[in-house]
Every structure is written in structure tokens, then in C-alpha cells.
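Take a look at the structure set out below.
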2 protein chains.
Amino acid sequence: MPAMADATGMQTLPPLCAPFPENRMTFRSPIKHCRECGTAVVYRIPDDGDTKPRAVCPACHTIHYENPLNVVGTVPVWRDKVLLCRRAIEPRLGKWTLPAGFMELNETTAQGAERETDEEAGAQIQMGPLFSLLNVSHVGQVHLFYLAKLLSDEFHPGYETLEARLFGEDEIPWDEIAFRTVKTTLERFFADRKAGQFGLHCVDID
Amino acid sequence: MPAMADATGMQTLPPLCAPFPENRMTFRSPIKHCRECGTAVVYRIPDDGDTKPRAVCPACHTIHYENPLNVVGTVPVWRDKVLLCRRAIEPRLGKWTLPAGFMELNETTAQGAERETDEEAGAQIQMGPLFSLLNVSHVGQVHLFYLAKLLSDEFHPGYETLEARLFGEDEIPWDEIAFRTVKTTLERFFADRKAGQFGLHCVDID
């Protein structure tokens, strides 16, 4: 999606927000209209000292920022097994994931992770510490996973999940994991468990 | 700002996004128009299994989500002193802060923290580990601060900063700190330094 600039330097398409067709969840289309008044926006560097092109409303002058989104989830553990969910929705329908989803307004990262674990797996947990923070900067996301202790091995998957199941380390369907952040988090989890000490893992996913 | 619902359950104002007048930075006005086609949106629970009211376009059916924003920054250290910046902009003009700002698309949390340190203080740093993650859920923000080592004690503040200065622990202007996340991070920093070990601090700010 090339950015097009007219003689004033205004761009009709944003250079910072490219589609990522492999993964529908991560796609964000450019802002076309002002959220305040509905006028078509133009992309330009605002006059307030900013250095990046933004969607600016030529009518009411609102500047529309686009910022990364947080995805929050858990590594839910039952004895020596980890809970994975098989996705009932795109992207990566049919693939396995740790329970996770977009953080909402009015919740903390841990509350969001607990909510997603309930929504996707119907799993009751006791939340543990933050375990991984993974930057997926090419799609404008930060993924955060918390360790969690399952309070039961009964699950009630929601509409986003085909199946919720416990896996030992040697049972993990590594080739069927939905997202690289989940695969990395699982790898670090089993490595830390082997080492007998759980740390915080900050990882950049290219 | 009360939410108003008509007989169809559609809400004309969102219940999840209240203004927070004490702090202009944190205010996000409700979405009024569709970013795709400019039509006035309605607030209702989408038909896709969602459970929360969203701004939905009655013309092109786009659902507009609003999610928390990340603020990223550093605790820049020079010998036994910490760098603070006096704010040249609202909110909290004239108050002192650690260098920090909104994370942008196409950068990692650490890259954003380093960029903000350069933009606000003109400070050159060597980035250290993540030190604090603070949820400010009532304004839909997550603040992340990294430890950083200053490579020089010369600063070149940007337009958002009146003054950048090094402070020893007994010189910190505690009553003039701009944000509670900054105050908490500084308190934890000095406590950890006294204890001789720096950890990760996850804190919820009410």
C-alpha cells in the first residue's frame, strides 16, 4: 500500500499502518473519516511539533492517533500439563493457542488475561506473575502472558474455541500452534520449569 | 456521562469511555462517526458473540473497538542520580516526570521508551531491563518503565520539556511529580537500589 502525497505534502494513505494479510486479526485499515465529525481525513504531520504523519480532520482539526494494542493471556497449568485452546475463529482457525485476546478498556492486564481465560476456555484459575512480554511491532501489538494455576480440569469453551485440552510437554502440537508469541511463551515456560525457576521473558518477534 | 438507550437497546453515548477531567492526556471522547465511511455510529453489542457495547456503523457495519494505550519510558541513571524532565505541555505543565510517552506503531516497548527519552530530554542511554508495569485502568493506560544508563550528563530537551535535570534521592521534588505512575516507579527504584537488587514491579494504580 504505497503512500500518495499531493503537492501540499498531504498523504491520502498512511505509511505507518500497512495490512498484514497473513493474519486477519492484525489488520488495521487506514482511518478514512474523522471520528468527531465524519469528514474525510488527510494524512499529514500535525503542526504541534509532532514528527509523524497522522490522520488529521481538515474540518474540525481533530488529530487521530493509532497506537499498538495489547493482547493479554495466560499459561494455565494443571499438575504437569498446560491448557491450550483450539481456535474456532479466524485468524488461524483450527490451530492451538494459549487463551488470550485484546485487552479492553477499564481492566488491568491481569484482569484481561483472566477474563480471556474464562471466555475462551471456561477455565477457573488463580493468577500468577507476569511471565512474558512479546513485542510484535510489525503488526502493532504487545502480547503479555501471565502464569496461572488451574483450579479444576473441567473446561467450558466459549464460542471462539472448538476444544480446550491439557497437554504435557511431549504432547504439545508444536506445528499446529496459532501464533509465534504463543510458541515462544510455551518454549520459555518448559525451559524455565526444567531449570526450576520462572523469570520474566521480554522477546521481540520480527 | 450517562449512557442513553432507545427501545432497540442502541446507545447514543458509550458507557465504557468516560472523561477524566483532571488529566487532559487521559481523556478520550466517544467515537461519533465511522472511520470507514463517516456515517454517525450507534453504540450496541455487536451480533458476533461479543458482550460489550461498541461503536457500530449502521451503514457499512464496521465495528470500532477502543483499547488501552501503552505509555513507555525510562528511569535514566547517571551515577547516583536520576534524570527528570519538567513538562512544557499539558497535562501537568511545570511538573516533573520521567521521560515517557505514548508507544507508537512499528516500534517495540523498549524502542518507544528510548525514543521518548531522546525526544523529551535529548538524553543518550543504554537500555536496561523492564522495571515497572503499571495499570491505570480507569483511564485505559498501561505504563511501562525501563531502567537505563545515561551515557552522558548533557541533555538537549525537546519542545515538550522545560528543563531536564539530574536528582539524587534526597533532591527528588516528590510533591511536584506529574503522574502517580512516575512517583511509584521512582519509589520502587530507590527501594530496590537500597536493597541491592532490581526486580520487575507490577502495580495497579486505582
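The values are calculated or read from the model by the stated rules, or taken from the named source; none is laboratory data. Note that the structure is a prediction, hence the values are computed from the model and not measured. Note that we place each Cβ from the backbone using ideal geometry, even for glycine, and neighbour counts take in every protein chain shown. Accessible surface areas use protein heavy atoms only, side chains included; no ligands, DNA or RNA. Shrake-Rupley method; radii C 1.70, N 1.55, O 1.52, S 1.80 Å.
Enter the accessible area of B:T181 (Å², nearest 10), with the probe set to 1.4 Å and all protein chains included.
10
Count the DSSP beta bridges whose two residues both fall in segment A:69-204, then state the antiparallel fraction as a percent rounded to the nearest 5.
DSSP beta bridges in segment A:69-204 are roughly 60 percent antiparallel.
Taking DSSP loops as anything outside H, G, I, E and B, show the longest stretch in chain A free of chymotrypsin sites (Phe, Trp or Tyr not before Pro) there with at most 16 other beta carbons within 10 Å. The partial results should precede the final answer.
Details: sites that count: A:F27, A:Y65, A:Y159, A:F198.
Within chain A, the longest run free of exposed chymotrypsin sites (Phe, Trp or Tyr not before Pro) spans A:66-158.
Of B:V139, B:V75, B:V42, which is the most mobile in a GNM of chain B whose springs link Cα atoms less than 10 angstrom apart?
Sorting by GNM fluctuation, first place goes to B:V42.
I'd like the projected area of the protein assembly as shown, averaged over all directions, using the convex hull of its alpha carbons. Report it in nm² with one decimal. Present the calculation step by step, with values, prior to reporting the outcome.
Numbers: hull surface 87.0 nm².
About 21.8 nm², averaged over all directions.
To the nearest 10 degrees, how steeply does helix B:109-121 sit against the main Cα axis of chain B, on a 0 to 90 scale?
Between the helix axis and the principal axis of chain B, the angle is about 60 degrees.
Counting only Cα, what are the radius of gyration and maximum Cα-Cα distance Dmax of chain A, in Å?
20.1, 64
Can you list the distances in nanometres, one decimal and ascending, from the B:N106 label point to the identical position in each other copy, with the point 7 Å along Cα to Cβ?
Output for B:N106: 3.5 nm, nearest copy listed first.
How compact and how long is segment B:119-206, expressed as Rg and Dmax of its alpha-carbon atoms in Å?
13.8, 37
Mind pulling the per residue volume of the convex hull built on the Cα atoms of segment A:28-112? Å³ is fine.
It is 158 Å³ per residue.
If you roll a 1.4 Å probe over chain A with all protein chains in place, what percent of the accessible area is carbon or sulfur?
Exposed carbon and sulfur together represent 52 percent of the surface.
Any idea what the B:C37 label distances to the other copies are, label 7 Å down the Cα→Cβ vector, nm, shortest first?
Once sorted, the set of distances for B:C37 reads 2.2 nm.
If we hang a label 7 Å off Cα along the beta carbon direction at A:A195, how far is it from the matching labels on the other copies, in nm, shortest first?
Between copies, matching label points for A:A195 lie 2.0 nm apart.
Count the lysine pairs in chain B whose Cα atoms sit under 18 Å apart, keeping only pairs 8 or more residues apart in sequence or on different chains.
Taking chain B as the scope, the lysine pair count is 7.
Which residue in B is nearest the B/A rotation axis when you measure from the C-beta atom, and what is the distance in Å?
Result for the axis mapping B onto A: B:G38, 2.
I'd like the orientation of helix B:180-195 relative to chain B: the angle between its Cα long axis and the longest Cα principal axis, in ° from 0 to 90, rounded to 10.
40
Per the helix-only calculation at 222 nm, which mean residue ellipticity applies to the protein assembly as shown, given -39500 (n - 2.57) for every DSSP H run of n ≥ 4 and division by its residues, nearest 500 deg cm²/dmol?
Dividing the helical sum by the residues of the protein assembly as shown leaves -4500 deg cm²/dmol.
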